[in-house]
1. Test of understanding: among Thr87, Thr78, which residue is free of Cβ contacts under 8 Å to residues at least 24 places away in the same chain and in contact with a helix residue (DSSP H, G or I) (Cβ under 9 Å, 6 or more places away or on another chain)?
2. If you take the residues of the range 102-125 that are closer than 17 Å to Asp66 by Cα and assigned to a loop (DSSP other than H, G, I, E, B), which of them is modelled with the highest pLDDT?
3. Filtering the range 15-38 down to residues that are under 20 Å from the mean Cα position of the chain (by Cα) and within 21 Å of Glu96 (Cβ to Cβ), which residue is surrounded by the fewest Cβ atoms within 10 Å (Cβ to Cβ)?
4. Considering only the range 1-11, how many residues are farther than 14 Å from Phe52 by Cα and either within 16 Å of the chain's Cα centre (by Cα) or not in a helix (DSSP H, G or I) (or both)?
5. Could you list, in sequence order, all residues of the range 78-101 that are part of a loop (DSSP other than H, G, I, E, B) and under 17 Å from the mean Cα position of the chain (by Cα)?
6. Would you be able to tell me the number of residues in the range 45-62 that are of a type in the set (Phe, Trp, Tyr) and in contact with a Leu (Cβ under 7 Å, 6 or more places away or on another chain)?
7. Of all residues in the range 44-58 being among the charged types (D, E, K, R) and exposed (fewer than 13 other Cβ atoms within 10 Å of the Cβ), which is modelled with the lowest pLDDT?
8. With the requirement that a residue be touching a residue at least 24 places away in the same chain (Cβ under 8 Å) and among the hydroxyl-bearing types (Ser, Thr, Tyr), what does the range 63-75 give you?
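The values are calculated or read from the model by the stated rules, or taken from the named source; none is laboratory data. The structure presented is a predicted model; accordingly, all values stated were derived computationally and were not measured. Neighbour counts run over all protein chains shown; Cβ positions are idealised from the backbone, glycine included.
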Amino acid sequence: MINATQIRRGMIILMDNKLYRVEEMDHVTPGRYKSTIHVKMRDLESDVRSPFRFGSSDRVEKVTLDSKEVSYSYHDGTHYIFMDTTTYDQISLDEEFIGDNVYYLKENELYQMEFFQGKPINIVPPLSMEFLVAETEKNMKGSMVQASYKPAKLEGGLEVTVPPFIEPGNIVKIDTRDGSYIERVSK
């Protein structure tokens, strides 16, 4: 059991004999009142997303999952195929299961797959990954004075904001937890 204040995005919580994946979390502390934790979680069985509120003193049960290292192999149109790196078994996951992690899938890249009672529950990409910038706006002269960012589309389809000096063809490092730009990679 953990305090509700320790809930983080991506955690798996057990409530009412159902498993939930935390998708959003906001710690709200209004003036003189008790703080509350607003959480949006997805039921892993029904795939329904629901909001929950916890008091700062509430306790929730964090589920400990088994984890295996898997390699992403290919996409066959409706399913994403992963291979267990120790047993070489193939694991097929549908598009709904992958969700927003689809932007972080690269062939032959290693991921952590989490299991609960032998069933895949979550796919966790590395904390940071490198992507090729597919397209971005041109840099305007004179815009270097302010720290302004511009939108960029990466090779996997992910859209992020990058500094003005990033151009198409550059390789950038992205934080997979929130999809934010970290740095330009020189190769």
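1. Values: Thr87 fails: in contact with a helix residue (DSSP H, G or I) (Cβ under 9 Å, 6 or more places away or on another chain).
The conditions single out Thr78.
2. Filtering the range 102-125 for residues closer than 17 Å to Asp66 by Cα gives 110-125.
Next, only the ones that are assigned to a loop (DSSP other than H, G, I, E, B) stay: 117-118, 125.
Numbers: Gln117: 84, Gly118: 86, Pro125: 92.
By that ranking, first place goes to Pro125.
3. Glu24
4. Filtering the range 1-11 down to residues farther than 14 Å from Phe52 by Cα leaves 1-3, 6, 10-11.
Adding the requirement that they be either within 16 Å of the chain's Cα centre (by Cα) or not in a helix (DSSP H, G or I) (or both) leaves 1-3, 10-11.
Count: 5.
5. Our first condition is that a residue be part of a loop (DSSP other than H, G, I, E, B); within the range 78-101, this holds for 78, 85-89.
Within the range 78-101, no residue meets the criteria.
6. The number of residues fulfilling the criteria is 0.
7. So the first thing to find is which residues in the range 44-58 are among the charged types (D, E, K, R), and the list is 45, 47, 49, 53, 58.
Cutting the leftovers down to exposed (fewer than 13 other Cβ atoms within 10 Å of the Cβ) gives us 45, 47, 53.
Details: Glu45: 78, Asp47: 75, Arg53: 93.
Filtering the range 44-58 for residues that are among the charged types (D, E, K, R) and exposed (fewer than 13 other Cβ atoms within 10 Å of the Cβ), the one modelled with the lowest pLDDT comes out as Asp47.
8. Correct list: Ser67, Ser71, Tyr72, Ser73, Tyr74.
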